[in-house]
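**Student:** Shown below is the structure under consideration.
The values are calculated or read from the model by the stated rules, or taken from the named source; none is laboratory data. A quick note: this is a predicted structure, and the numbers were derived from the prediction, not measured. So basically every Cβ, Gly included, is an ideal-geometry build from the backbone, and we count neighbours across all protein chains shown.
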Amino acid sequence: MRWLLVIILLIPSLAEAKEARPLADNPQVEARLKHLAVELRCLVCQNQTLADSNAPLAEDLRREIREMIAKDMSDHDIIDFLVQRYGDFVLYRPPWKATTTLLWLGPFLLLIAGATALVLVLRRRQKKLADVTLSEAEHNRVAQLLSEGANRP
Amino acid sequence: MNRFLLPLAIFVVVVGFLAVGLTLNPRELPSPLVGKPAPYFSLPQLYDQEKTFSPNEMKGKVWLLNFWASWCEACKEEHPVFIHLAQSGEVPIYAIDYKDRREDALKWLKQWGNPWTVIAVDESGRVGIDFGVYGVPETYVIDKAGVIRYKQIGPLREDILQGKILPLVRELQKQ
């Protein structure tokens with residue numbers, strides 16, 4: 001009876017979890033595909049990488065990339081293949097071009113503008129503070145008030 | 001008053017950028033293939049499976065190539081526009097049945113009508129990849145030399161046809 005129980009308990013272990021997608025046989029190809037696919041955008045669900053997306057087009061493109069890897073094409077050639085067809089939009093890292101200058105430099109320009117504004121504001125404030133001059137009598141009064149405060153328990 | 005002027009100006013500029021951004025469709029990407037020769041392919045035809053279709057047969061003609069599928073909902077939306085265009089006979093329209101099942105495609109055509117001269121079958125979607133297709137329907141205007149001159153992403157509407165595609169086709173036909 002106990003053995004029967006053990007056998008029954010073993011049954012679920014036979015039904016092992018299946019991978020969502022069968023990976024290709026060659027782990028090296030898969031590693032290169034993954035390395036490439038995280039840098040590439042899925043055109044259908046535009047905020048996912050080719051590695052993450054389950055869209056049919058992403059699957060097709062992964063298949064295509066796998067074949068190119070199997071043909072021993074370089075990463076550069078594979079990325080070129082996709083850019084020729086889909087444009088720079090497939091790249092998560094846009095290339096440095098005349099049209100993307102603002103994209104790349106924009107954050108630094110904003111930083112410089114912010115820093116300049118900060119320096120200007122601080123300088124102006126400092127000037128305002130420096131402008132206040134005390135007469136002799138006022139100076140004495142300040143000293144008196146401060147000493148009174150210090151004597152207070 | 002003056003101290004509010006600069007933040008207000010910045011605010012107006014930002015709102016301006018966002019307003020323009022709202023009118024753009026993020027799904028419409030500029031195709032790098034416009035101005036380049038249409039990729040070569042040779043695909044079996046849907047009706048006559050023995051025969052193939054290749055863009056080389058269309059040299060010397062201005063034509064439209066429409067990527068379509070029976071599973072594609074937006075394709076139904078543009079279908080009347082194609083039917084109408086086919087009746088006018090102004091420009092030959094060809095189609096590629098993209099990643100579809102033959103029997104579904106035939107059933108769909110029986111129900112909705114067939115405006116295309118020839119339908120080629122791209123079952124694997126490989127030709128679609130060469131054309132940079134990322135969502136059917138897509139329509140390409142190809143000139144006499146076989147160069148892609150325009151790409152329509154998403155359903156073809158009557159106003160786009162009349163306003164952009166047909167004027168372009170007429171101009172290309174004169175060349």
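**Student:** List the residue pairs whose Cβ atoms are under 8 Å apart, where the first residue sits in the stretch B:164-175 and is without any contact (Cβ under 8 Å) to a residue 60 or more places away in the chain, the second is acidic (D, E), and the two are 6 or more positions apart or on different chains.
**Tutor:** If the second residue must be acidic (D, E), the pairs left are B:Q175/B:D143.
**Student:** Failed condition for B:P44, given (1) touching a residue at least 24 places away in the same chain (Cβ under 8 Å); (2) under 26 Å from B:P167 (Cβ atoms), with all others met?
**Tutor:** Every listed condition holds for B:P44 apart from (2).
**Student:** Filter the stretch B:135-146 down to residues that are within 25 Å of A:I65 (Cβ to Cβ) and not in a loop (DSSP other than H, G, I, E, B) and give me whichever is farthest from the other protein chains (Cβ to nearest Cβ).
**Tutor:** First, pick out the residues of the stretch B:135-146 that are within 25 Å of A:I65 (Cβ to Cβ): B:135-136, B:138, B:140.
Narrowing further to those that are not in a loop (DSSP other than H, G, I, E, B): B:138, B:140.
Working: B:E138: 11, B:Y140: 13 Å.
Across the stretch B:135-146, the extreme among qualifying residues is B:Y140.
**Student:** Would you tally the residues in the stretch B:100-134 being within 14 Å of chain A (Cβ to nearest Cβ) and on the phi > 0 side of the Ramachandran plot?
**Tutor:** Filtering the stretch B:100-134 down to residues within 14 Å of chain A (Cβ to nearest Cβ) leaves B:100-101, B:122-134.
Filter again for on the phi > 0 side of the Ramachandran plot, leaving B:125, B:132.
The number of residues fulfilling the criteria is 2.
**Student:** Moving on to the next point. Take the residues in the stretch A:42-51 that are touching a strand residue (DSSP E or B) at 6+ places or on another chain (Cβ under 9 Å) and among the hydrophobic types (A, V, I, L, M, F, W, C); name whichever of them is nearest to the other protein chains (Cβ to nearest Cβ).
**Tutor:** Taking the stretch A:42-51 as the starting set, the residues that turn out to be touching a strand residue (DSSP E or B) at 6+ places or on another chain (Cβ under 9 Å) are A:42, A:47-51.
Checking the rest, the ones that are also among the hydrophobic types (A, V, I, L, M, F, W, C) come to A:42, A:50-51.
Values: A:C42: 9, A:L50: 12, A:A51: 17 Å.
Step by step, filter the stretch A:42-51, then rank; the result is A:C42.
**Student:** Now, a different point. Would you point out which residue out of A:L109, A:L134 is more than 23 Å from B:E28 (Cα to Cα), of a type outside the set (G, A, S) and in a helix (DSSP H, G or I)?
**Tutor:** Numbers: A:L134 fails: in a helix (DSSP H, G or I).
That would be A:L109, the only listed residue that is more than 23 Å from B:E28 (Cα to Cα), of a type outside the set (G, A, S) and in a helix (DSSP H, G or I).
**Student:** Within the stretch A:136-144, identify whether any single residue is loosely packed, with under 10 Cβ neighbours inside 10 Å and free of Cβ contacts under 8 Å to residues at least 40 places away in the same chain, and answer yes or no. Explain how you work it out, then say what you get.
**Tutor:** So the first thing to find is which residues in the stretch A:136-144 are loosely packed, with under 10 Cβ neighbours inside 10 Å, and the list is A:136-137.
Adding the requirement that they be free of Cβ contacts under 8 Å to residues at least 40 places away in the same chain leaves A:136-137.
The answer is yes; a qualifying residue exists.
**Student:** Another one. May I ask you to say which residue of A:I65, A:I69 is within 11 Å of another protein chain (Cβ to nearest Cβ) and more than 23 Å from B:G154 (Cβ to Cβ)?
**Tutor:** Details: A:I69 fails: within 11 Å of another protein chain (Cβ to nearest Cβ).
Going through A:I65, A:I69 in turn, just one is within 11 Å of another protein chain (Cβ to nearest Cβ) and more than 23 Å from B:G154 (Cβ to Cβ): A:I65.
**Student:** How many residues are β-branched (V, I, T) and free of Cβ contacts under 8 Å to residues at least 40 places away in the same chain when one looks only at the stretch B:79-120?
**Tutor:** Step one: of the stretch B:79-120, the residues β-branched (V, I, T) are B:81, B:83, B:91, B:93, B:96, B:117-119.
Still in the list and also free of Cβ contacts under 8 Å to residues at least 40 places away in the same chain: B:83, B:93, B:117.
Final tally of qualifying residues: 3.
Per-residue answers, yes or no, for (1) closer than 24 Å to B:L156 by Cβ; (2) touching a residue at least 24 places away in the same chain (Cβ under 8 Å); (3) surrounded by 10 or more Cβ atoms within 10 Å (Cβ to Cβ):
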site	(1), (2), (3)
B:L5	no, no, no
B:V13	no, no, yes
B:L22	yes, no, no
B:K51	no, no, yes
B:M58	yes, yes, yes
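**Student:** So, one more: Just to be sure, is A:N54 within 14 Å of chain B (Cβ to nearest Cβ), among the polar types (S, T, N, Q) and part of a loop (DSSP other than H, G, I, E, B)? Quick ask: steps written out before the conclusion?
**Tutor:** Details: within 14 Å of chain B (Cβ to nearest Cβ): no; among the polar types (S, T, N, Q): yes; part of a loop (DSSP other than H, G, I, E, B): yes.
No; evaluated as a whole, the condition is false for this residue.
**Student:** Between residues in the stretch A:95-122 that are at negative phi and residues that are outside any loop (DSSP other than H, G, I, E, B) and of a type in the set (G, A, S), which pairs lie under 7 Å by C-beta distance while being six or more apart or on different chains?
**Tutor:** Pairs found: none.
**Student:** Restricting the search to the stretch B:68-85, which residues are among the β-branched types (V, I, T) and touching an Asp or Glu at 6+ places or on another chain (Cβ under 6 Å)?
**Tutor:** Our first condition is that a residue be among the β-branched types (V, I, T); within the stretch B:68-85, this holds for B:81, B:83.
Scanning the stretch B:68-85 gives a single hit, B:V81.
**Student:** Now, a different point. Go through the stretch B:24-41 residue by residue and tally those that are surrounded by 10 or more Cβ atoms within 10 Å (Cβ to Cβ) and away from chain A (no Cβ under 11 Å). Walk me through how you get there before you give the answer.
**Tutor:** In the first step, residues of the stretch B:24-41 are kept if they are surrounded by 10 or more Cβ atoms within 10 Å (Cβ to Cβ); the result is B:27-41.
From what is left, the residues that are away from chain A (no Cβ under 11 Å) are B:35, B:37-38, B:40-41.
Within the stretch B:24-41, residues that are surrounded by 10 or more Cβ atoms within 10 Å (Cβ to Cβ) and away from chain A (no Cβ under 11 Å) number 5.
**Student:** Being loosely packed, with under 10 Cβ neighbours inside 10 Å and modelled with pLDDT of 90 or more is the filter here; which residues of the stretch A:77-106 pass it?
**Tutor:** Of everything in the stretch A:77-106, nothing turns out to be loosely packed, with under 10 Cβ neighbours inside 10 Å and modelled with pLDDT of 90 or more.
**Student:** Under the condition of being outside any helix (DSSP H, G or I) and within 13 Å of chain B (Cβ to nearest Cβ), which residue from the stretch A:72-93 is nearest to the chain's Cα centre (by Cα)?
**Tutor:** Keep residues of the stretch A:72-93 that are outside any helix (DSSP H, G or I), which gives A:72-74, A:87, A:91-93.
Pick out the ones that are also within 13 Å of chain B (Cβ to nearest Cβ) and you get A:87, A:91.
Numbers: A:G87: 21, A:L91: 14 Å.
Looking at the filtered set, the residue picked out is A:L91.
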